[in-house]
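Here the structure comes first, spelled out in structure tokens, and everything after it is commentary.
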Amino acid sequence: MKDMIKRKAGQLSSPRHLLQHFYSIQAGIFLLLLLSALSVYGSLLPHAEALEVVFRSWWYGFIFVLTALNLLACTLRRLQQLTRCFGRLGGEQNRATPVALSTYSHRVAIKMPGARQAAQKRATVLLKGSNYHLRTLMLPQGMALMATKGRAGVYGTLVTHLALLVILAGAYYGALTGTANIAFGFPGDKIPVVIEGDPHLLEISDFYIDYREDDTVHQYYSELTVSSESPASPVVAHKTIHVNNPLRYGGKVFYQYSYGWGVETHIYHPPSGTAEQVLLTPGEGYYFAPAGLTVHLLDFYPELDRDDGGLLFSRSPAPHHPHVLFRLLDEQHRPTTPPALLRAIGQTVELSLLEITFTDYRNSTGILISENGGKMYVLAGAIILLVGLFLSFYMRPRQILLLWPPASELANNPPSPLFWSELTIYGWARHDRVGFEAEFHHFIDALAAAGRKMT
Amino acid sequence: MTVVGWENLSFTAAYFLYLAATCCYVFILFHSHRRSGETATLLACAGLILHTAAVILRTLEAERAPFSNQFEFASVFAWGIVLAYLVMERFLRFRYRSVGAFVMPVALIVMGYASLLSRDIQPLMPALQSGWLKVHVGTAILAYGAFTLAFGLSLAYLIRERGERRQRWSALMFRIPTLPLLDHLSRQAVSFGFFMQSLVIITGAIWAEQAWGRFWGWDPKETWSLVTWFIYAVYLHTRFARGWPGRRAAWLAVIGFACVLFTYIGVNILLPSLHSYR
């Protein structure tokens, strides 16, 4: 008894046994449920934290790969069975092993009026109407009409699971080799980019926002030009992009990602007579050396308003009433007095021996430049996945065999309407057995409508 | 009356027709009455016709597919549920109308939820201005309709299974289809819904790549649609696992539907998401 327990414990812990467990469908179910639970946990965390802690962690990816491998292994384990099934639906098995008749799950014997040919003709019409492929076979048990359909569906699960592996491989390849950077710029700016290993320039020719009558944004447009260093053909791509309509060139994709504001700022220092014109974006500071001060632009309000608590906000993204909030910082980056000032565009403020004028404002555009080599594999995997699912769900492998025993053949030779033909109908379905049963009995009823059911 | 007025009228009429149909379906669950069954189907059909009219009128008024905010999606979600149910009823040759008592109340609740939401027609934000909106949300409607149907069938399964297990045979039990048939129908509904949910995820990923520059970003909506997909994948695999088909599978269909509801409502309300279109 002790020996038995020891042997059993040894079996359970043996690598082969563990591997068998891993290949089981129960393990697949466990892994899918585990992935679901972990994904739910990740979705409840703040997004940046969720990415770091869960979704981009090595262990989450590892469970994903394990799940895909498990599903594939489960299918491969059944490959022999699938191949046998595929062969069966092709009719080979029935020719090779006539005893296979016992493997049919449904069997009904009926008697039809008229010759075998008449019954065969009626059955052919009915089965063809249900999209069955027909072939006539000479079996030792007699003359047979074999009807099959959904043969390709046998491999549906295999295709589906292979597709999942392709998607995962593509996604990992894309994550490892892909790049994504956001470049902000104003119309006229040129941004260096490397495309297919060669240096190129991305020029923002223009950027504009299309506002609706109610001042909501209809669309953002950036006019982009990609040029190479080749003097023969400098411009290689040109397009006005907008959200949902990026520019694709040489494996790189340029997306309309965001937008911002820039304020033309004129700074004048009367004691030294120095003046400078700079373009500041919210959050940005400019160190003006003659005064030893930094002009720090805190925010830009296209249509300034205050809420009940006095807090500043913009009523709309359209620049109907533009204001800037700014401050001055000393050499130690401490704010001077007053800590922050609000001024309308065009106004001049005299502060700490400086004359500051916010002369104009401009829109900047944010372009996402990305490259993802795994994209095509993911897309191909997705298409294969849909094909696999379609095969699994809607190509249902089924087989109906009509068998006329030799005695029936003899009785009907020569054919005569006075004769009865006896036949046995066999049915088999790989899955969806309830659906097949309904179809099978519907077929028998239709076929035997003029005949007499024996069993 | 304006187009909006006609739309509101059609929507309200559809709601009350669904309410009446639901009452009839619940009635036939407890009383064998052929006429009530026919009336229930007729009321549901009439409701669906008026609901379709409301959706079409909104499409005309908004000059776009009505898929862009919570109200619009709730409305077409309910429409998808009723359509899926009536297709199944026709497929079963109107023999098992009692299933309606498990499906129609869900459609009614979703319609009720829609009626609480703002019906203002808002123009589409830049990210939604894409042909993929119709494909992505259109497939979601079909997927969610099928999953709701599977939920109703699984609920019926659990009730009948419990009765059979405890040997408590009542008239109600005989009005619910047999366990193998309920399991078969539920599996068919989940298969269709799973195919559509796969399309929802794939079309959403393609669209996200066009609009946001990435296929997948683990946004809560994306994550929950994947969780839903996982749960239904488990459901479909239960066929091959010993001890899983039947009751456990039915519970999975119920859990899967809870995930569908959370993906649609919970994520929009509780979790910050790029997909939170109110």
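Let me know the mean shielding of B:232-241 by other chains, meaning the per-residue number of their Cβ atoms within 10 Å of its Cβ.
Average neighbour count from other chains, rounded to a whole number: 5.
Leaving ligands and nucleic acids out of the surface, order B:49, A:345 by accessible area at 1.4 Å, largest first.
I get B:49, A:345, largest accessible area first.
Taking every residue in A:388-400, how many Cβ atoms of other protein chains lie within 10 Å of its Cβ, on average?
2
If you take the beta carbon distance between residue A:340 and residue A:65 as r and set R0 to 60 Å, what does 1/(1 + (r/R0)^6) give as a FRET efficiency, to the nearest 0.05?
0.70
Only residues of region A:355-395 count here: report those whose backbone N is under 20 Å from the spot 7 Å along Cα→Cβ of residue A:320, or say none.
Only A:361-363 fall inside the zone, counting backbone N under 20 Å.
Running a GNM on chain B with Cα contacts under 10 Å, which residue among B:241, B:211, B:233 ends up with the highest mean-square fluctuation?
B:241
Rounded, prolate or oblate: which fits region B:128-278 when a ≥ b ≥ c are the square roots of the eigenvalues of the alpha-carbon gyration tensor, with rounded for a/c under 1.5 and prolate only if a/b beats b/c?
It comes out prolate by the Cα gyration axes.
Projected onto the charge dipole of region B:128-278 (+1 at Lys/Arg Cβ, -1 at Asp/Glu Cβ, origin at the Cα centre), which of B:264, B:170, B:203 gives the Cα projection farthest towards the positive end?
The Cα lying farthest towards the positive end belongs to B:170.
Give me the net charge of residue A:106's neighbourhood, meaning all other residues with Cβ under 12 Å from the Cβ of residue A:106; Lys, Arg count +1, Asp, Glu -1.
Local net charge: +1.
Given a cut-off of under 8 Å on Cα pairs at least six residues apart, what relative contact order in percent is computed for chain B?
Rounded, it is 18 percent for chain B.
Rounded to the nearest 0.05, what FRET efficiency do residue B:270 and residue B:134 give with R0 = 25 Å and r taken as the Cβ-Cβ distance? Could you check?
0.35
Extension gain residue A:201-residue A:308, at 0.36 nm per residue separation less the Cα-Cα distance, in nm?
My answer for the length gained is 33.7 nm.
Would you mind giving the mean number of other chain beta-carbons within 10 Å of the Cβ of each residue in B:205-212, as a whole number?
Other-chain Cβ atoms within 10 Å of each residue's Cβ, averaged: 5.
Using the Karplus curve 6.51 cos²θ - 1.76 cosθ + 1.60 with θ = phi - 60°, what ³J(HN,Hα) values do you get for each residue of region A:436-447, in whole Hz, with x for Gly and Pro?
5, 4, 5, 5, 4, 6, 5, 5, 4, 4, 5, 6
Would you mind checking the pairs A:121/A:149; A:239/A:375; A:149/B:221; A:149/A:375 and listing those with alpha carbons more than 30 angstrom apart?
Distance filter (> 30 Å) returns A:149/B:221; A:149/A:375.
Let's see if you can work this out: charge +1 on each Lys and Arg Cβ, -1 on each Asp and Glu Cβ, no other charges. What is the dipole magnitude of chain A about its Cα centre, in debye to the nearest 20?
That gives chain A a dipole magnitude of about 5240 debye.
Run the helix sum for chain A: -39,500 (n - 2.57) per DSSP H stretch of 4+ residues, divided by residue count, reported at 222 nm to the nearest 500 deg cm²/dmol.
Value at 222 nm, helices only: -11000 deg cm²/dmol.
Please give, to one decimal in nm, the separation of the simple spin-label points placed at residue A:103 and residue A:355, each 7 Å out from Cα toward the Cβ.
The answer from the label model is 9.8 nm.
Hydropathy at least 1.0 by Kyte-Doolittle, axial extent at least 15 angstrom from the Cα trace: which helices of chain B, defined as entire DSSP H runs, fit?
Helices meeting the span and hydropathy rule in chain B are B:3-30, B:70-91, B:100-116, B:247-261.
Between region B:26-40 and region A:209-276, how many Å separate their Cα centres?
Spelled out, the Cα-based centre of one part sits 66 Å from the other.
With only Lys, Arg, Asp and Glu charged, each at its Cβ (+1 for the first two, -1 for the last two), find how big the charge dipole of region B:1-123 is about the Cα centre; round to the nearest 20 debye.
The calculation lands at about 580 debye.
I want to check the label-to-label distance for residue B:125 and residue A:51. Put each point 7 Å from Cα in the C-beta direction and report it in nm to one decimal.
1.8
May I ask for the equivalent-ellipsoid semi-axes of region B:1-123, computed as the square root of five times each C-alpha gyration tensor eigenvalue and listed largest first in whole Å?
Semi-axis lengths for region B:1-123 are 28, 12, 12 Å.
Taking amide H positions as placed in the peptide plane 1.01 Å from N, state which residues far from residue A:245 in sequence (5 or more) or on other chains have amide H under 5 Å from it.
A:256
Quick check: pseudo-label points 7 Å beyond the Cα along Cα→Cβ at residue B:116 and residue A:138, how many nm apart are they?
7.5
Among the DSSP beta bridges whose two residues both lie in region A:261-361, what percent are antiparallel, rounded to the nearest 5?
Percent antiparallel among DSSP bridges in region A:261-361 is about 95.
Which listed residue (B:87, B:142, B:251) has the Cα farthest towards the positive end of the charge dipole for chain B, taking +1 on Lys and Arg C-beta and -1 on Asp and Glu C-beta about the Cα centre?
B:251
For chain A, max minus min Cα coordinate along each principal axis, in Å, sorted largest first?
125, 68, 58
Once you order the gyration tensor axes a ≥ b ≥ c over the Cα atoms, which shape class does region A:154-260 get: rounded for a/c under 1.5, otherwise prolate or oblate by comparing a/b with b/c?
The shape class here is oblate.
Only helical DSSP H runs with n ≥ 4 go in: add -39500 (n - 2.57) per run for chain B, normalise by residue count and round the 222 nm mean residue ellipticity to 500 deg cm²/dmol.
So the calculated ellipticity at 222 nm is -25500 deg cm²/dmol.
Based on the mean of other Cβ atoms within 10 Å per residue, sort peptides A:333-339, A:280-286 so the most packed one is first.
A:280-286, A:333-339
Among B:18, B:75, B:99, flag the residue with its Cα farthest along the positive direction of the charge dipole of region B:1-123, charges on Cβ as +1 for Lys/Arg and -1 for Asp/Glu.
B:99
Highest first, please rank the peptides B:30-42, A:250-262 by the mean number of other Cβ atoms sitting within 10 Å of their residues.
Answer by packing, highest mean first, reads A:250-262, B:30-42.
Sum up the charges of everything whose Cβ sits under 15 Å from the Cβ of residue B:96, counting Lys and Arg as +1 and Asp and Glu as -1, but leave residue B:96 out.
Local net charge: +4.
The values are calculated or read from the model by the stated rules, or taken from the named source; none is laboratory data. Remember, it's a predicted structure, so these values are computed and weren't measured experimentally. As a convention, Cβ positions derive from the backbone with ideal geometry for all residues, glycine included, and neighbour counts pool all protein chains shown. Just so you know, the surface numbers come from the protein's heavy atoms only, side chains and all, with ligands and any DNA or RNA stripped out. Shrake-Rupley method; radii C 1.70, N 1.55, O 1.52, S 1.80 Å.
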